[in-house]
């Protein structure tokens with residue numbers, strides 16, 4: 001009888017496995033395809049913005065239109081990433097399928113007119129919306145729906161940055177501060193990999209990041225460059241405080257808009273005036289859009305920060321300002337690529353100040369500010385390894401873990417729960 | 001007033017930070033130094049065993065002496081790794097300081113006479129014992145003692161394998177099945193790094209593992225070698241089942257010894273007879289000791305499995321048998337290096353069967369069987385990246401996560417708690 005029970009259990013496991021494969025593979029292919037379309041559109045929008053500089057004057061119109069459309073037709077879509085995290089914790093009204101087209105179109109529009117925003121929020125929302133839609137169609141029970149939503153996040157994140165391992169870990173780590181649970185470890189990995197591979201299969205490439213700094217074999221005391229690591233830890237503290245300031249500024253500014261501009265579609269109009277004013281006051285368009293690359297020579301860019309030997313003390317601050325104004329007013333897009341920019345730029349500043357190779361410090365800031373702002377130190381360490389290789393794993397870990405410890409309980413995702421308080 | 005509170009809080013945080021730095025750095029230097037001494041002694045014991053083959057006949061004497069000494073003078077030391085994990089969950093009698101010299105001497109003795117055992121248990125126990133001793137001397141409260149013990153594990157593990165990131169994550173991940181909590185993320189990283197650096201500073205090197213397999217740029221459908229990854233997932237399943245069998249065989253055999261040989265010091269004497277019998281029946285000494293390298297040409301070894309193009313279908317089974325007999329009878333040492341050997345050997349067998357480069361599959365098995373047997377998939381994935389580089393991160397993750405999912409709730413550490421059940 002024992003053997004019968006054993007085979008019965010294994011049979012149930014196999015049918016569960018078959019069910020999840022049959023659900024997750026098509027879902028992740030769909031998410032990956034939508035993300036590929038999104039990345040392609042984003043590239044087009046960025047290129048078009050550089051080709052037609054007058055598009056910036058449409059910023060108020062675009063902002064008004066998108067906030068108005070969200071209010072009128074978006075339903076719960078406006079909840080964004082926080083809604084998905086909340087639905088995983090506490091199943092409620094579900095994640096509406098229309099969130100996917102809404103976020104895709106409005107993010108591309110934001111980038112077309114020059115809003116300073118990112119991509120990960122969009123990809124995660126595409127993933128969550130498709131997962132939510134599929135789950136309702138299949139009438140999944142709450143525990144399975146939860147797994148499906150986690151997989152949607154993993155597929156979206158893994159696909160948009162080309163970092164599937166970070167995507168899988170991020171989807172589990174972002175739910176709670178201070179704890180990862182392995183409810184969906186294997187499904188999340190599968191979803192992130194298939195999402196990533198789908199983007200590759202569509203022929204949409206990712207920006208290849210690389211830093212030239214190579215740790216020499218023998219440096220410092222006893223072959224270990226303690227001083228370098230100590231400086232990285234101090235920088236990590238700064239990255240964490242910057243992340244905390246970003247999260248608090250975002251929430252604070254959103255509260256101000258709500259209080260002083262009750263009619264929501266008017267907020268991006270005013271924000272546009274501020275952004276355009278800043279563009280002309282600073283005489284640069286470098287802080288518009290994604291910031292990964294620029295058609296204008298000499299602009300500070302994310303890829304540029306990873307070049308050795310830069311000096312730049314102010315870019316991080318301006319990008320910070322442009323981004324919180326853009327996103328708090330209701331423009332759509334993620335926060336993460338701007339956080340990469342802010343972190344890498346702050347890394348360049350700190351590296352120059354502390355006498356550390358700026359490209360190494362930029363790479364650390366790249367992932368560490370994000371780690372602090374989303375409380376996902378492991379996912380960000382792994383992302384750093386996926387982007388920059390295992391050579392720099394130790395300084396990347398020091399940066400991410402320190403930033404996590406220093407960022408407090410602030411988070412750009414308002415519905416993240418605290419499992420283990422930071423002390 | 002708000003600012004006053006802010007500075008007061010920051011001041012308290014800084015003094016806490018200073019306290020932990022002042023405690024953790026000396027502790028980790030001590031752990032690292034003891035581990036360096038241990039690694040050096042182990043190398044001496046292994047070399048001596050090859051030089052003086054007759055030492056194997058002392059196995060029964062050595063076994064009798066060490067189990068007798070543990071019973072008579074060891075106090076709670078015999079609890080080993082499980083005691084440390086238990087003390088972290090539920091502070092009780094504490095981890096005795098004498099655990100450190102006991103485990104160091106008895107492990108070296110086990111290896112000198114040819115027992116099939118590992119290193120990680122020893123290093124973790126050295127770390128835990130020194131942490132426990134220091135914590136009692138400082139009269140730390142339970143929550144701080146808990147952090148200190150976690151750091152002891154991290155320092156020991158990071159130092160013994162030269163993989164500090166894996167050490168830090170392992171110390172947090174090993175406590176519970178299915179959950180990592182970030183109670184001591186930064187302290188564990190600091191301890192693991194300082195422990196590792198201390199070993200380096202003593203000039204004790206680690207075996208450098210490397211595999212020659214390089215994924216070609218364009219393989220499989222759409223540039224992704226889906227078939228390879230599917231085979232890795234199937235192998236991961238086998239690695240997980242092997243890990244489960246190892247854990248269950250260890251516990252089962254220990255129960256048999258307890259039942260049929262009530263006088264504990266007699267158990268290793270009988271086990272020695274079995275081991276020596278196997279050595280002469282199989283006419284090989286390849287499954288004695290650590291198995292990382294061998295002075296006898298043609299022996300299967302851990303480093304050998306990572307060479308390309310091997311065929312070996314049986315080594316994993318024999319090492320499995322030698323190890324469970326050795327350790328269940330009361331010889332001392334870790335389980336992890338034998339698990340590396342078993343996993344790598346099983347990887348060679350599966351790679352040859354499935355038409356996958358055996359060196360890649362050996363590298364995956366190396367970490368995946370360990371991941372399954374200790375329920376630490378993230379630590380093992382990171383260890384794989386630290387040992388073999390980020391190039392193979394995806395197959396390493398697939399192997400570790402699948403093995404984790406397949407190994408059930410079996411664990412070589414009996415006191416690990418289940419936080420999230422595997423389904």
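When only residues in region A:176-211 that are in contact with a helix residue (DSSP H, G or I) (Cβ under 6 Å, 6 or more places away or on another chain) and assigned to a loop (DSSP other than H, G, I, E, B) count, which is nearest to residue A:146 (Cα to Cα)?
Within region A:176-211, the first condition is being in contact with a helix residue (DSSP H, G or I) (Cβ under 6 Å, 6 or more places away or on another chain), and the residues that meet it are A:180, A:184-196, A:198-199, A:202, A:204, A:209, A:211.
Restricting the remaining residues to those that are assigned to a loop (DSSP other than H, G, I, E, B) gives A:184, A:202, A:204, A:209, A:211.
Values: A:184: 9, A:202: 28, A:204: 29, A:209: 33, A:211: 38 Å.
Among those that are in contact with a helix residue (DSSP H, G or I) (Cβ under 6 Å, 6 or more places away or on another chain) and assigned to a loop (DSSP other than H, G, I, E, B), it is A:184.
Okay, residues lined up against (1) crowded, with 24+ Cβ neighbours inside 10 Å; (2) more than 8 Å from chain A (Cβ to nearest Cβ); (3) under 16 Å from the mean Cα position of the chain (by Cα):
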position: B:166; (1), (2), (3): yes, yes, yes
position: B:171; (1), (2), (3): yes, yes, yes
position: B:178; (1), (2), (3): no, no, no
position: B:190; (1), (2), (3): yes, yes, no
position: B:201; (1), (2), (3): no, no, no
position: B:205; (1), (2), (3): no, yes, no
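Restrict the check to region B:327-338 and report whether at least one residue is within 22 Å of residue B:172 (Cα to Cα), under 13 Å from the mean Cα position of the chain (by Cα) and in a helix (DSSP H, G or I). Break it down into steps so the answer makes sense when it comes.
Restricting attention to region B:327-338, the residues satisfying the condition of being within 22 Å of residue B:172 (Cα to Cα) are B:333-337.
With under 13 Å from the mean Cα position of the chain (by Cα) added as a condition, the list becomes B:333-337.
Adding the requirement that they be in a helix (DSSP H, G or I) leaves B:336-337.
So far as region B:327-338 goes, yes, one or more of its residues are within 22 Å of residue B:172 (Cα to Cα), under 13 Å from the mean Cα position of the chain (by Cα) and in a helix (DSSP H, G or I).
Would you mention how many residues in region B:369-396 are under 18 Å from the mean Cα position of the chain (by Cα) and farther than 23 Å from residue B:253 by Cα?
At the first step, the residues of region B:369-396 found to be under 18 Å from the mean Cα position of the chain (by Cα) are B:369-388, B:396.
When the remaining residues are screened for being farther than 23 Å from residue B:253 by Cα, the result is B:376-388, B:396.
Selection size over region B:369-396: 14.
What number goes with the only condition from (1) buried (at least 24 other Cβ atoms within 10 Å of the Cβ); (2) more than 14 Å from chain B (Cβ to nearest Cβ); (3) at negative phi; (4) out of contact with any strand residue (DSSP E or B) (no Cβ under 7 Å at 6 or more places or on another chain) that residue A:336 does not pass?
So the condition that residue A:336 fails would be (4).
Quick check: is even one residue across region A:6-22 surrounded by fewer than 16 Cβ atoms within 10 Å (Cβ to Cβ), touching a strand residue (DSSP E or B) at 6+ places or on another chain (Cβ under 7 Å), within 23 Å of residue A:144 (Cα to Cα) and in contact (Cβ under 8 Å) with a residue 60 or more places away in the chain?
First, the residues of region A:6-22 that are surrounded by fewer than 16 Cβ atoms within 10 Å (Cβ to Cβ): A:6-19, A:21-22.
Now restrict to residues that are touching a strand residue (DSSP E or B) at 6+ places or on another chain (Cβ under 7 Å): none.
No: region A:6-22 contains no residue that is surrounded by fewer than 16 Cβ atoms within 10 Å (Cβ to Cβ), touching a strand residue (DSSP E or B) at 6+ places or on another chain (Cβ under 7 Å), within 23 Å of residue A:144 (Cα to Cα) and in contact (Cβ under 8 Å) with a residue 60 or more places away in the chain.
Of the residues A:271, A:245, A:230, which single one is closer than 28 Å to residue A:406 by Cα and at pLDDT 95 or above? Outline the logic, then answer.
Details: A:271 fails: closer than 28 Å to residue A:406 by Cα; A:230 fails: at pLDDT 95 or above.
Matching residue, one of A:271, A:245, A:230: A:245.
Going by the conditions given, is residue A:125 surrounded by fewer than 18 Cβ atoms within 10 Å (Cβ to Cβ) and either within 29 Å of residue A:324 (Cα to Cα) or under 15 Å from the mean Cα position of the chain (by Cα) (or both)? Quick ask: steps written out before the conclusion?
Details: surrounded by fewer than 18 Cβ atoms within 10 Å (Cβ to Cβ): no; either within 29 Å of residue A:324 (Cα to Cα) or under 15 Å from the mean Cα position of the chain (by Cα) (or both): yes.
For residue A:125, the condition - surrounded by fewer than 18 Cβ atoms within 10 Å (Cβ to Cβ) and either within 29 Å of residue A:324 (Cα to Cα) or under 15 Å from the mean Cα position of the chain (by Cα) (or both) - is not met.
Give B:352, B:373 a once-over and let me know the one that is more than 14 Å from chain A (Cβ to nearest Cβ) and within 30 Å of residue B:58 (Cβ to Cβ). Spell out how you get there, then give the answer.
Values: B:352 fails: within 30 Å of residue B:58 (Cβ to Cβ).
Sole residue among the options that is more than 14 Å from chain A (Cβ to nearest Cβ) and within 30 Å of residue B:58 (Cβ to Cβ): B:373.
Only residues in region B:226-253 that are without any contact (Cβ under 8 Å) to a residue 40 or more places away in the chain count as the first member; pair them with residues that are surrounded by 20 or more Cβ atoms within 10 Å (Cβ to Cβ), Cβ under 6 angstrom, at least 6 apart or cross-chain, and list the lot.
Every condition considered, no pair remains.
Out of the residues in region A:376-423 that are assigned to a loop (DSSP other than H, G, I, E, B) and within 11 Å of another protein chain (Cβ to nearest Cβ), state the one that is surrounded by the most Cβ atoms within 10 Å (Cβ to Cβ). Break it down stepwise before answering.
Start the filter on region A:376-423 by keeping residues that are assigned to a loop (DSSP other than H, G, I, E, B), which leaves A:376, A:389, A:407-416, A:419-423.
So of that shortlist, the ones also within 11 Å of another protein chain (Cβ to nearest Cβ) come out as A:376, A:389, A:408, A:419-423.
Details: A:376: 29, A:389: 18, A:408: 18, A:419: 15, A:420: 15, A:421: 11, A:422: 18, A:423: 10.
Selected residue: A:376.
With the structure loaded, tell me whether residue B:80 is within 27 Å of residue B:177 (Cα to Cα), assigned to a helix (DSSP H, G or I), in contact (Cβ under 8 Å) with a residue 40 or more places away in the chain and in contact with a strand residue (DSSP E or B) (Cβ under 9 Å, 6 or more places away or on another chain) or whether it fails that test. Break it down into steps so the answer makes sense when it comes.
On the way: within 27 Å of residue B:177 (Cα to Cα): yes; assigned to a helix (DSSP H, G or I): yes; in contact (Cβ under 8 Å) with a residue 40 or more places away in the chain: yes; in contact with a strand residue (DSSP E or B) (Cβ under 9 Å, 6 or more places away or on another chain): no.
In short, no.
The values are calculated or read from the model by the stated rules, or taken from the named source; none is laboratory data. These numbers were taken from a predicted model, which means no experiment stands behind them. Counting neighbours? That spans all protein chains shown, and the Cβs are built from the backbone with ideal geometry, glycine included.
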